[in-house]
Amino acid sequence: MLRALIFDVDGTLADTESAHCAAFNHAFAELGLGWHWDEALYTELLEISGGKERILHYWKQVNPGVKALRGEAVQETIARIHELKTAHYEAAIASGEVALRPGVLALIDEALEQGLQLAIATTTSPVNISALLRQAMGPAWRHNFSAIGDASSAPIKKPHPQVYLQMLEALKLDASDCLAFEDSGNGLKAATLAGLATVITPTQYTQHHDFSRALHVLPDLGETRFADLALWHTAHWAGERLLSVE
Ligand code: XBP
Ligand code: MG
């Protein structure tokens, strides 16, 4: 039986990556770094999960000499850039720049009515989650979620399954009792490695990713109802059970 839905945040609950990219560029400009990430470059850089990890990856690309610098000096600089970036992102979200993707709120309401547990499994930081969901669901948004996994609780980023494994433990459920929702190849890998059947809603940044192991790939959740999820879930695990018997 389907008992819980586990949602990724960036690209899944909301199409946030353009706002993230703009926030990075604000921080780079403010610090006079002379860096600028356009959409094509940011699409490439999204192969790296985690904002800090993405900055380091890019820094190494544009300045291989960074490897020779003292590790903590590099980490301190990255932490400073990311802190500024997060402040810009929060302000953009608080100004209402980004809404939840089609069908997300309706599906969350329907799932809660059906008595399901909801959880979040994201790479981003807690302040970014609350900025987005406070704006979209009001100050009591946290009450809708039984568990939240993010950069502060799961430092090993997707495609590693750490954050999903943490959520299954927190929900006290098996992967077969849940469905995951993701937008990216790294996210799908992480959820799949945790044993979860996963529904994918790509964005302009991820539509070229490999989604061959997804349960379903949809343009968005606008046409998806709880009954559809329950049907897909039952069919998937019935198929899995058949395979395991053969
Ligand atoms: C996607 C990410 C995040 C964001 C930026 O998160 O990889 O790093 O791009 O956020 P999700 P931070 O798992 O929700 O798709 O700068 O806070 O890392
Ligand atoms: Mg995502």
| request: Six or more apart or on different chains, Cβ under 6 Å: which pairs go from a residue in the stretch 212-226 that's within 18 Å of residue 108 (Cα to Cα) to one that's surrounded by fewer than 16 Cβ atoms within 10 Å (Cβ to Cβ) and among the polar types (S, T, N, Q)? Could you list them? | output: 226/114
| query | Can you name every residue in the stretch 1-23 that is away from ligand 2 (no atom under 16 Å from the Cβ) and either within 21 Å of residue 185 (Cβ to Cβ) or charged (D, E, K, R) (or both)? | reply | 3
| Which members of the stretch 5-33 meet the condition of being farther than 16 Å from residue 85 by Cβ, of a type in the set (Asp, Glu) and within 9 Å of ligand 1 (Cβ to nearest atom)? | 8
| What pairs come up if the first residue lies in the stretch 173-187 and is under 15 Å from residue 107 (Cβ atoms) and part of a helix (DSSP H, G or I), the second is within 11 Å of ligand 1 (Cβ to nearest atom) and hydroxyl-bearing (Ser, Thr, Tyr), and their beta carbons are under 6 Å apart, counting only those six or more places apart or on different chains? | none
| said: Every residue in the stretch 56-105 that is among the β-branched types (Val, Ile, Thr), in a helix (DSSP H, G or I) and in contact with a Leu (Cβ under 9 Å, 6 or more places away or on another chain), please. | reply: 66, 74, 77, 78, 81, 93, 104
| note | Per the list (1) surrounded by fewer than 17 Cβ atoms within 10 Å (Cβ to Cβ); (2) more than 16 Å from ligand 2 (Cβ to nearest atom); (3) modelled with pLDDT of 95 or more, residue check on residue 47 breaks on (2)
| Answer from 82, 57, 36 - the residue that is within 16 Å of residue 123 (Cβ to Cβ) and exposed (fewer than 15 other Cβ atoms within 10 Å of the Cβ) | 57
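Among the residues of the stretch 181-195, is there at least one that is touching a Leu at 6+ places or on another chain (Cβ under 6 Å), of a type outside the set (Lys, Arg) and farther than 18 Å from residue 125 by Cα?
Just the residues of the stretch 181-195 that are touching a Leu at 6+ places or on another chain (Cβ under 6 Å), to begin with: 182, 194.
Cutting the leftovers down to of a type outside the set (Lys, Arg) gives us 182, 194.
Then drop every residue that is not farther than 18 Å from residue 125 by Cα, which leaves 194.
Yes - at least one qualifying residue is present in the stretch 181-195.
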| If you go through the stretch 190-201 one residue at a time, do you hit one that is among the polar types (S, T, N, Q) and either more than 15 Å from ligand 2 (Cβ to nearest atom) or more than 12 Å from the chain's Cα centre (by Cα) (or both)? | yes
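Any chance the stretch 203-219 includes a residue that's in contact with a Lys or Arg (Cβ under 7 Å, 6 or more places away or on another chain) and within 13 Å of ligand 2 (Cβ to nearest atom)?
The answer is no, given that none of the residues of the stretch 203-219 is in contact with a Lys or Arg (Cβ under 7 Å, 6 or more places away or on another chain) and within 13 Å of ligand 2 (Cβ to nearest atom).
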| query | So how many residues does the stretch 205-225 have that are away from ligand 1 (no atom under 14 Å from the Cβ) and under 23 Å from residue 19 (Cβ atoms)? | reply | 7
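The values are calculated or read from the model by the stated rules, or taken from the named source; none is laboratory data. These numbers come from a predicted model, not from an experiment. For neighbour counting, all protein chains shown are included, and Cβ atoms are generated from backbone atoms with ideal geometry for every residue, glycine included.
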